[in-house]
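J.: Structure in structure tokens, see below.
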Amino acid sequence: MADRSSFFYFCTIMKFPPWTSVEEAARLLRQGEVVAIPTETVYGLAGNAFEPKALAKIFAAKERPTFDPLIVHISDISQMADIAKDIPEEAYQLAEAFWPGPLTMILPKKDCIPDLCTSGLPSVAVRFPSHPVAQAIINASGLPLAAPSANLFKHVSPTTAEHVAAQLSDRIAGIVDGGPCQVGVESSIVSLTGDVPTVLRPGAITPEMVKKVLGRVAIKESTSKPGEAMQAPGQCDTHYRPQVPLYFGEVPANAVLPENTVRIAFGNYQGVIPAAVNLSVTGDMMEATAKLYAYMHDLDDPKYDLILVDPIPNQGIGMALNDRLKRASIKTLP
Ligand code: AMP
Ligand code: MG
């Protein structure tokens, strides 16, 4: 925690979000503080990946259990070898194809990465984000940055700096505003530690895209059938839930909806009530992905009793939307 004379302390007592520049963020990170940074997927809560005390601050600020490992962010493909070992050729092929970008790879970890970062796993998650501000902060700090999404555990991930401020302002040393996130959903995660490259979490880099590069890909069952058992660290069934109950998918014919129900539409689907907002009138998946979390934040207001979200095709990046929305959804209507 910063000392009482600091700008952070001033902002905290004045209830101002601790807005921070790239240079100041880099300085805070080198001092072991945690800072929210923009990336193209969602905002991340960054700390020095080599420093257990900084990692502990990340878990504490988010109230995230330490069994849920963190992704380490780098700003050059060559830095992969600073934190991972026994890197297979396939990792370099994926890096060439999709980095910088919304792809995280799981690789065997080097000893310099603390166990706290990987929740005791012998592997580490690595990503090279494409957001220029994220890259500038990593470069200026000179550190690989561990950064989970900058939200409280199990809450909806932030896609604007204001989303971060609303949840974490008084818990972190800084927030760098890089505008709204372009992708809007967490990175695809591909493990390269087993026999076959395996998608652990769907995202903007789809299994088909990985297969095109590597010629093979497997999909972990828990991500193709979300909303069921928790099978791996971080694959919580109830991740991404707003406070207002959200129901995703077709509404059963006999359902009685609460009076204050609000609907997030997709394309030209005929919902049971008029739409409040539409993820994409033309059914564009990328547009829908970029807008989803902002709508979930906006409509997560106690004046509503229920948020309905229209069905979305479970293909391509739609798999990522289905995965997150199934985790966010109550299983049956009240
Ligand atoms: P996020 O909460 O978006 O930062 O994503 C972090 C997620 O990455 C975790 O919840 C895990 O599902 C996954 N992850 C991180 N490190 C590992 C690892 N070493 N092995 C498998 N999955 C990992
Ligand atoms: Mg998260």
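A short reminder: the numbers here are calculations on the coordinates, not readings from a lab. Computed from a predicted model, the values in this text were never measured in an experiment. Methodologically, a virtual Cβ is constructed for each residue, glycine included, from the backbone with ideal geometry; neighbour enumeration extends over all protein chains shown.
J.: With a cut-off of 8 Å between alpha carbons and a minimum separation of six or more residues, what is the relative contact order of the chain in percent? Working shown, then result.
T.: On the way: 749 pairs, mean separation 63.9, N = 334.
RCO, the chain: 19 percent.
J.: Something else: Rounded to the nearest 0.05, what FRET efficiency do A276 and V256 give with R0 = 25 Å and r taken as the Cβ-Cβ distance? Could you check?
T.: On the way: r = 19 Å, r/R0 = 0.77.
Computed FRET efficiency for A276 and V256 comes out at 0.85.
J.: From the square roots a ≥ b ≥ c of the eigenvalues of the alpha-carbon gyration tensor of the stretch 234-334, which class results: rounded (a/c under 1.5), prolate (a/b over b/c), or oblate?
T.: Details: a/c = 1.42, a/b = 1.15, b/c = 1.23.
It is rounded, given that a/c, with a ≥ b ≥ c, falls under 1.5.
J.: Now, a different point. Of the options T332, A320, I307, report the single residue whose Cα projects farthest towards the positive end of the charge dipole of the stretch 291-334 (beta-carbon charges: Lys, Arg +1; Asp, Glu -1).
T.: Selected residue: A320.
J.: While we're looking at this one, here's another question. Is there a quick way to get the dipole size of the chain? I mean about its Cα centre, with the Cβ of Lys and Arg at +1 and of Asp and Glu at -1; what is the value in debye to the nearest 20? Let's see the in-between values first.
T.: On the way: 28 positive and 35 negative charges, 84 e Å.
That gives the chain a dipole magnitude of about 400 debye.
J.: Something else now. Simple spin-label model, 7 Å along Cα-to-Cβ: K211 to D298 in nm?
T.: 3.6 nm
J.: Would you please give the FRET efficiency between A81 and I219, computed as 1/(1 + (r/R0)^6) with r the Cβ-Cβ distance and R0 = 35 Å, to the nearest 0.05?
T.: On the way: r = 28 Å, r/R0 = 0.79.
E between A81 and I219, to the nearest 0.05, is 0.80.
J.: Just want the ordering: I87, I175, from fewest to most Cβ atoms lying within 10 Å of their own Cβ. Kindly include the intermediate steps, with their values, before the conclusion.
T.: Values: I87 16, I175 26.
Arranged by neighbour count, lowest to highest, I87, I175 become I87, I175.
J.: Within 10 Å, at most 15 other Cβ atoms, and a DSSP state outside H, G, I, E, B define an exposed site. Report the longest part of the chain free of exposed GluC sites (Glu not before Pro). Can you show the working numbers first?
T.: Working: sites that count: E63, E228, E250, E259.
Segment 64-227 is the longest.
J.: Let me ask another. Can you put K331, K53 in order, fewest other beta carbons within 10 Å first?
T.: On the way: K331 8, K53 12.
In increasing order of surrounding Cβ atoms, one gets K331, K53.
J.: Using θ = phi - 60° and the Karplus form 6.51 cos²θ - 1.76 cosθ + 1.60, what ³J(HN,Hα) does each residue of the stretch 69-79 get, whole Hz, x for Gly and Pro?
T.: Each residue's phi maps through the Karplus curve to give x, 9, 8, 9, 9, 10, 10, 6, 4, 4, 6 Hz.
J.: Rounded to two decimals, what ratio of Rg to Rh does the stretch 11-146 give with C-alpha atoms and a Kirkwood Rh? Present the calculation step by step, with values, prior to reporting the outcome.
T.: Details: Rg = 14.6 Å, Rh = 15.1 Å.
Ratio of gyration radius to Kirkwood radius for the stretch 11-146: 0.97.
J.: Now for a separate question. Under the rule a/c < 1.5 gives rounded, and otherwise a/b versus b/c splits prolate from oblate, where does the chain land using the Cα gyration tensor?
T.: oblate
J.: Under 10 Å, Cα contacts only: if you run a Gaussian network model on the chain, which one of K109, K211, K220 comes out with the highest mean-square fluctuation?
T.: It is K211.
J.: When the helix-only estimate is applied to the chain (DSSP H runs of n ≥ 4, each -39,500 (n - 2.57), divided by the residue count), what is the mean residue ellipticity at 222 nm, nearest 500 deg cm²/dmol?
T.: That calculation yields -8500 deg cm²/dmol at 222 nm.
J.: Further question: Mind checking the full-extension length gain between F67 and Y269? Use 0.36 nm per residue of separation minus the Cα-Cα distance, one decimal, nm. Don't skip to the answer; put the middle values down first.
T.: Working: separation 202, 0.36 × 202 = 72.72 nm, distance 3.95 nm.
Roughly 68.8 nm would be gained on extension.
J.: I need to check one value: relative contact order of the stretch 119-197, counting alpha carbon pairs closer than 8 Å and at least 6 residues apart, in percent. Let's see the in-between values first.
T.: Details: 38 pairs, mean separation 15.7, N = 79.
The normalised contact order for the stretch 119-197 reaches 20 percent.
J.: Within the set K53/K291; K53/K331; K57/K110; K220/K326; K220/K331, which residue pairs have Cα atoms separated by over 27 Å? Mind showing how you got there, number by number?
T.: Working: K53/K291 35 Å; K53/K331 38 Å; K57/K110 22 Å; K220/K326 16 Å; K220/K331 22 Å.
Those over the limit are K53/K291; K53/K331.
J.: Set the Förster radius R0 to 25 Å, insert the Cβ-Cβ distance between V196 and C112 as r into 1/(1 + (r/R0)^6), and round the FRET efficiency to 0.05.
T.: Details: r = 28 Å, r/R0 = 1.12.
Efficiency, from the Cβ-Cβ distance: 0.35.
J.: Note down the magnitude of the dipole of the stretch 101-214 about its Cα centre, charges +1 on Lys and Arg C-beta and -1 on Asp and Glu C-beta and zero elsewhere, to the nearest 20 debye.
T.: On the way: 8 positive and 8 negative charges, 47 e Å.
Magnitude of the dipole: close to 220 debye.
J.: List every residue whose amide H lies under 5 Å from the amide H of I219, counting only residues 5 or more places away in sequence or on a different chain, with H placed 1.01 Å from N in the peptide plane.
T.: Hits under the 5 Å cutoff: V199.
J.: Oh, and also: Using θ = phi - 60° and the Karplus curve 6.51 cos²θ - 1.76 cosθ + 1.60, what whole-Hz ³J(HN,Hα) does each residue of the stretch 215-221 get, with Gly and Pro shown as x?
T.: x, 7, 6, 10, 10, 5, 3
J.: Around F153, with a cut-off of 10 angstrom between Cβ atoms, what is the net charge of the other residues, counting Lys and Arg +1 and Asp and Glu -1? Numbers along the way, then the final one.
T.: Details: positive: K62, R64, K154; negative: E63, D68.
It works out to a net charge of +1.
J.: When T160, T289 are ordered from fewest to most other Cβ atoms inside 10 Å of their Cβ, what list results? Before the final figure, lay out the partial values.
T.: Working: T160 19, T289 26.
Least crowded to most crowded, the residues run T160, T289.
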